[in-house]
Each structure stands twice: as C-alpha cells, then as structure tokens.
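Engineer: Below you'll find the structure I mean.
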Amino acid sequence: MRIDVLTIFPEFFSVLDVSLLGKARQAELVQANVHDLRTWAAMKADGTPDIHRTVDDAPFGGGAGMVMKADVWGRALDDVLQPGGVLVIPSPAGVPFTQALAADLARADQIAFACGRYEGIDARVAEHYDAVGFRVLELSLGDYVLNGGEVAAFAMIEAITRLIPGFMGNAESIVEESHADGLLEYPSYTRPASWRGLDVPDVLLSGHHGKIESWRREQQLERTRIRRPDLFADPREGVAQ
Ligand code: JQB
C-alpha cells in the first residue's frame, strides 16, 4: 500500500517512523510519503508567482475564518493521486470512520489524505475528484472538534495499516480485539493475582476454558450494554463481514 499525506504541517508526521507503522514500513508493506502542501502554492491560479505561498482565502458568502484554496489542492492532488487511488478528506462534517471502513481501506493500493486547516477545504475539491472517477471519502474521526485533519489522518493511518495482511504476526489478536465482533473487549488481567486488595476473578484462574469463554462473553455484553448502548442495539453495526 502507498499512503500519501498532504498537509501544511508535514513535520507532524515525523512520528510515523517510530509508530507501529514503522514496522509495516520496514516490511515494505506500506510506503508513506508526506508532502508539504505549500510546494504547490508557489504560483497563483493565473500562473503568476506567489511569494507568500498562500493556501487559504476568505469564504464566499462571508463568515468567520478562511477556506483552503481549490487551485492549490488541485495541483497537489493531480501530482500525487494515482489511478485507482482513494482520496480521504478528514472533516468534522464527514461520515464516521469505523473499523469496517478501516478494513475496507486496508485493501486499497493508494490512499491520499488531504489534511485541511482553518475552516476546511473548498468543497469543489471533493466534488471534482469524485466527478473524474476517484473514490472520495470525507471521514470524521468522531464527534468533537479538532483544529485540522492531521490528528484524524494519523489515527486513520494507524487503524488501517495494522489491518494490512501480513502486518501483525498474530491474526487472532486482531479478530479477538475490540470492535471485531461489534462488542467491546472483555477486561484483561495479568500477574499478580492479587494487587492492592483487588483479586483477579476466580474463573480466570480455574483453567476451565469453557467457563472462561462464557464469562468473557458475559463481560463483553455487559460492558457494551452500559458503555455503548448504541452498539448494543445492533452489535454488528460498523463491522465488516
Ligand atoms: C479544518 C478540521 C477536523 C479536518 C476529523 C473531527 O473544519 C472545521 N470546521 C469546524 C471547526 C473546526 C474545523 C477545523 N478543521 C480541517 C479539519 C477539523 C478535520 C475534525 C475531525 N476528521 N473533528 N474535527 N472528528
């Protein structure tokens, strides 16, 4: 898989090298390229030089803040997007990013992340790349407001790359974890069996695999019911298969 990140803060992604993605990169399962959007802001839409490398302008219709310019994004994405590539635009107004989408995107040949700032990217950018045949996804990391797309893109990259076939040694550890079956994880414990007066549940020390399995399922159901009633209503919501 090839990942391209376009951002006015390329230095933010230096931590990609030391994160889990570092391993996938070493195994040559992922090629990650981080681009400074201002590379494509050296000239204005009319072809004259822009010494300020401007990436934003005032919104049509008025209002607070600035909007990222379509012409700058267009030049950048024309250079970076490969045929068949997926364009992901993190946005607080996007559809929710889920485990199902992560699993889907783990099969892509290329994902280009367009990280906006200010009040976001001129809406015609998504519209254009959709119109010319690319898969364009405006995705939200969650229902809270960030200052830009970078943190969201980073989280999505981690969620996607760890699902690339061959990335983790142990396929079971992915199947068993949170959200793989639409329920929250059961609680986990390790030694010591007693700590600060708190004991590990007896069943886990019993060696009775059937009882352990049903206890864990019970814990998953109870946790999900209490903490995530939205998932409990339809446990397979947001899950691939
Ligand atoms: C600019 C972003 C997010 C990208 C995701 C999430 O665009 C805005 N609109 C209102 C308030 C703040 C912004 C700032 N902003 C680009 C941009 C926010 C993504 C974002 C996001 N994905 N919250 N915020 N879950």
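Engineer: What tally of residues in the range 164-194 results from selecting those that are modelled with pLDDT under 95 and either at negative phi or within 16 Å of the ligand (Cβ to nearest atom) (or both)?
Structural biologist: 16
Engineer: Does L105 satisfy being over 21 Å from S19 (Cβ atoms) and within 15 Å of the ligand (Cβ to nearest atom)?
Structural biologist: Judged against the criteria, L105 is not a match.
Engineer: Could you check the range 59-115 and list, in sequence order, the residues that are β-branched (V, I, T) and open to solvent by 70 Å² or more (accessible area, probe 1.4 Å)?
Structural biologist: V95 - this is the single residue of the range 59-115 that is β-branched (V, I, T) and open to solvent by 70 Å² or more (accessible area, probe 1.4 Å).
Engineer: Quick one: how many residues across the range 132-163 are more than 12 Å from the chain's Cα centre (by Cα) and within 12 Å of the ligand (Cβ to nearest atom)?
Structural biologist: Residues that pass the stated criteria total 6.
Engineer: Quick one: count up the residues across the range 36-58 that are buried (at least 18 other Cβ atoms within 10 Å of the Cβ) and farther than 14 Å from E119 by Cβ.
Structural biologist: 3
Engineer: When you check Y129 against the structure, is it surrounded by 14 or more Cβ atoms within 10 Å (Cβ to Cβ), away from the ligand (no atom under 16 Å from the Cβ) and more than 18 Å from the chain's Cα centre (by Cα), yes or no?
Structural biologist: yes
The values are calculated or read from the model by the stated rules, or taken from the named source; none is laboratory data. Just so you know, these numbers come straight off a predicted model, no measurement behind them. FYI the Cβ positions are ideal-geometry reconstructions off the backbone, even for glycines, and counts take in every protein chain you see. Heavy atoms of the whole protein, side chains included, go into the accessibility calculation; ligands, DNA and RNA do not. Shrake-Rupley method; radii C 1.70, N 1.55, O 1.52, S 1.80 Å.
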